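Undergrad: Structure in C-alpha cells, see below.
The values are calculated or read from the model by the stated rules, or taken from the named source; none is laboratory data. Since the structure is predicted, the reported quantities are computational estimates derived from the model, not experimental observations. Cβ sites come from the backbone with ideal geometry, for glycine too, and all protein chains shown count toward neighbours.
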Amino acid sequence: MTQSAMVVMALLIAVIAGLVSGIVMAQLGASTLTFVGTGGGAFIAVATLGMFIVAYLMPPAQVPAPAAPLPPPQSQATAASS
C-alpha cells in the first residue's frame with residue numbers, strides 16, 4: 001500500500017469517527033454547538049493520530065546529498081578567469 005493511500009484511509013477513518021461522535025452527542029440531547037464541536041474534535045484527534053501512525057509505518061524516502069558541488073558552467077568559468 002502506498003503512502004498516499006494510507007493517508008486517505010487515515011482521513012476516512014477520522015471522518016467516520018467525527019460523524020459517529022457527533023451523532024452520539026446529538027442523540028444524547030446535547031446542544032448543536034456541543035455536538036458539532038465534539039465531532040470536530042474527534043476528527044482532529046483521530047486524523048492527527050493517523051498521520052503519526054502513517055509517518056511511523058512509512059517514513060519518507062531519504063534523498064542522498066550530492067558528494068561535491070557542481071562546477072560552474074563554462075561561460076561563467078571563462079568570465080571569472082579573465
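Undergrad: If you take the residues in segment 35-59 that are at pLDDT 95 or above and of a type in the set (Ser, Thr, Tyr), which one is surrounded by the most Cβ atoms within 10 Å (Cβ to Cβ)?
TA: Applying the filter and picking the extreme gives Thr38.
Undergrad: For the condition outside any helix (DSSP H, G or I) and surrounded by 10 or more Cβ atoms within 10 Å (Cβ to Cβ), what is the one hit in Ala14, Ala65, Ala30?
TA: After ruling out the rest, the residue left standing is Ala30.
Undergrad: Just to check your reading of the model, which residue among Gln3, Gln74 is polar (S, T, N, Q) and touching a residue at least 40 places away in the same chain (Cβ under 8 Å)? Walk me through how you get there before you give the answer.
TA: Details: Gln74 fails: touching a residue at least 40 places away in the same chain (Cβ under 8 Å).
After applying the criteria, what remains is Gln3.
Undergrad: Kindly indicate whether Ala55 is assigned to a helix (DSSP H, G or I) and among the hydrophobic types (A, V, I, L, M, F, W, C).
TA: Spelling it out, Ala55 is indeed assigned to a helix (DSSP H, G or I) and among the hydrophobic types (A, V, I, L, M, F, W, C).
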